[in-house]
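Here the structure is laid out as structure tokens; the discussion comes afterwards.
What follows draws every value from the coordinates through simple rules; no lab data is involved. What you are looking at is a predicted structure, and each value in this text was computed from that prediction instead of being measured. Methodologically, a virtual Cβ is constructed for each residue, glycine included, from the backbone with ideal geometry; neighbour enumeration extends over all protein chains shown.
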Amino acid sequence: MSDRHISEHFETLAIHAGNTADPLTGAVVPPIYQVSTYKQDGVGGLRNGYEYSRSANPTRAALEENLAALEGGRRGFAFASGLAAEDTLLRTLLSPGDHVVIPNDAYGGTFRLFAKVASRWGVEWSVADTSDPAAVRAAMTPRTKAVWVETPSNPLLGITDIAAVAQVAHAGGAKLVVDNTFATPYLQQPLALGADVVVHSLTKYMGGHSDVVGGALIVADEELGEEIGFHQNSMGGVAGPFDSWLVLRGTKTLAVRMDRHSENATKVADMLSRHPRVSSVLYPGLPEHPGHEVAAKQMRAFGGMISFRVKDGEEAAVSVCDRTQIFTLGESLGGVESLIEHPGRMTHASVAGSLLEVPSDLVRLSVGIENADDLVEDLKQALDK
Ligand SMILES: *Cc1c(COP(=O)(O)O)cnc(C)c1O
């Protein structure tokens, strides 16, 4: 991490934090250090601390510095996927017998990690509606070490008041973890609101171009940073140099992309909320969304993710997904291109039959940065047919 003061402003940090000119050539973009090991100047004589690329790699270090700056944290850590980051975090924070509160509409993979993997090692969990701080308090036990929150959540776009839940978590001696994948640090700064750890799937908006899988953890506290760094190196699920480089390129345009994603989604949500075949639209930017006021307080804009329910049920929802032409049928989200999917049969199939099961008439959109009129027309023709 460098102490170089760059700016207070997100857009400037996004482009300059971690992106110092290459000392050897002046290249303005950090090189892809596609290397596993480093020549030592005599035994133990490491150059700038580089020894072996699982422990540290300059391209990954550039990304990690960039991520820490964007989230207003002190340390950032980049992983091979969002779930690798989550796994590293849960093994850093939790031991057998400990308990974690997870949201009742968590990302399906997060739920699976706790319910099917961590539980085998004696980590206990319960589910709460994290949009209600009292429900979080009620779900906590004396062994609760972490409260896990996603806001906006995937796929129901629920909103959690980060500052309020931070107080509840801390009062019970637990850390607050916020999955900031949907909002990104441009729209929402969880550490400033009291969170202890920010989690990202870098695969989504941070990378932004549907060409890389990655994950991250960012913390404000040095000591917690040391512990995560120890586990990152001990478990080894690190981001490779090329993947790190792609995400570093992605974050440079995050601010302009998120502005456009949010603008386009606002127009799409507006059309959907007036469409006769749509029974409800889940978008925190709509005044009737139950989390609208909290979202307006803690987010700069409302992001590019929308879910909606189709009046005639599951088959009708599936056929809307089959009929769009610009919205591409696919999992994942956060790229420049618009995507559409049916969570019940696709991204969230793994939570079927559980407390986290999603409505079968639900359609999820990742609204891209194409022309907004084209996106609105595409959805209209898919709904009208
Ligand atoms: C995709 C996603 C993850 C998991 O990240 P991967 O990069 O797919 O491992 C975690 N949380 C949210 C909110 C996600 O959308």
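Based on the Cβ-Cβ distance from Gln167 to Ser234, what FRET efficiency comes out when R0 is 41 Å, to the nearest 0.05?
Details: r = 32 Å, r/R0 = 0.79.
Efficiency, from the Cβ-Cβ distance: 0.80.
Here's how it looks for Asp179: its modeled amide H is under 5 Å from those of Val149, Glu150, Thr151, Val199, which are all 5 or more places away or on a different chain. Between Tyr52 and Ser119, the FRET efficiency from the beta-carbon distance, with R0 = 45 Å, is close to 0.85.
Rounded to 0.05, the FRET efficiency of the Thr20 and Asp322 pair, given R0 = 41 Å and the Cβ-Cβ distance, is 0.30.
Taking 22 Å as the cut-off for C-alpha to C-alpha distance, list the pairs among Lys311/Lys385; Lys204/Lys252; Lys311/Lys380 that go past it. Display every interim value, and only then the final one.
Numbers: Lys311/Lys385 14 Å; Lys204/Lys252 14 Å; Lys311/Lys380 14 Å.
Too far apart for the 22 Å limit: no listed pair.
Scalar couplings 3J(HN,Hα) for the range 189-196, obtained by applying the Karplus form with A = 6.51, B = -1.76, C = 1.60 to θ = phi - 60°, are 10, x, 5, 5, 8, x, 5, 9 Hz; x denotes Gly and Pro. Build a GNM of the chain with springs between Cα atoms under 10 Å apart, and of Glu150, Glu124, Glu226 the one that fluctuates most is Glu226. Quick check on the chain: of the DSSP beta bridges with both residues there, what percent are antiparallel, nearest 5%? Given both bridge residues lie in the chain, the antiparallel proportion sits at roughly 60 percent. Between Tyr50, Tyr107, Tyr283, the Gaussian network model of the chain with springs among Cα atoms under 10 angstrom shows the greatest mean-square fluctuation at Tyr50. Here Lys175 is the anchor, and the lysines within straight C-alpha reach of less than 20 Å, apart from those fewer than 8 places off in the same chain, are Lys145. Largest mean-square fluctuation among Ile32, Ile340, Ile162, in a Gaussian network model of the chain whose springs join Cα atoms under 10 Å apart, belongs to Ile32.
Starting from the Cα gyration tensor of the range 255-384, take the square roots of the eigenvalues, sort them a ≥ b ≥ c, and report rounded, prolate or oblate (rounded when a/c is under 1.5, otherwise prolate if a/b is larger than b/c, else oblate). Taking the square roots of the gyration eigenvalues as a ≥ b ≥ c, the range 255-384 is rounded. Remark: the range 73-85, residue by residue, has Karplus-estimated 3J(HN,Hα) of x, 9, 9, x, 9, 10, 10, 5, 7, x, 5, 5, 5 Hz, where x stands for each Gly or Pro and the curve is 6.51 cos²θ - 1.76 cosθ + 1.60 at θ = phi - 60°.
Kirkwood hydrodynamic radius of the range 326-382, from the reciprocal of the average inverse Cα-Cα distance over all distinct pairs: 12.1 Å. For the range 118-127, backbone phi angles converted through the Karplus equation (6.51, -1.76, 1.60; θ = phi - 60°) give residue-by-residue couplings of 4, 4, 5, 9, x, 8, 9, 9, 9, 9 Hz, Gly and Pro being listed as x.
The long axis of helix 254-273 is offset from the longest Cα principal axis of the chain by roughly 10 degrees. Within the chain, the ratio Rg/Rh, alpha carbon atoms throughout and Rh by Kirkwood, equals 0.98. Helix 222-235 and the longest principal axis of the Cα set of the chain meet at an angle near 90°.
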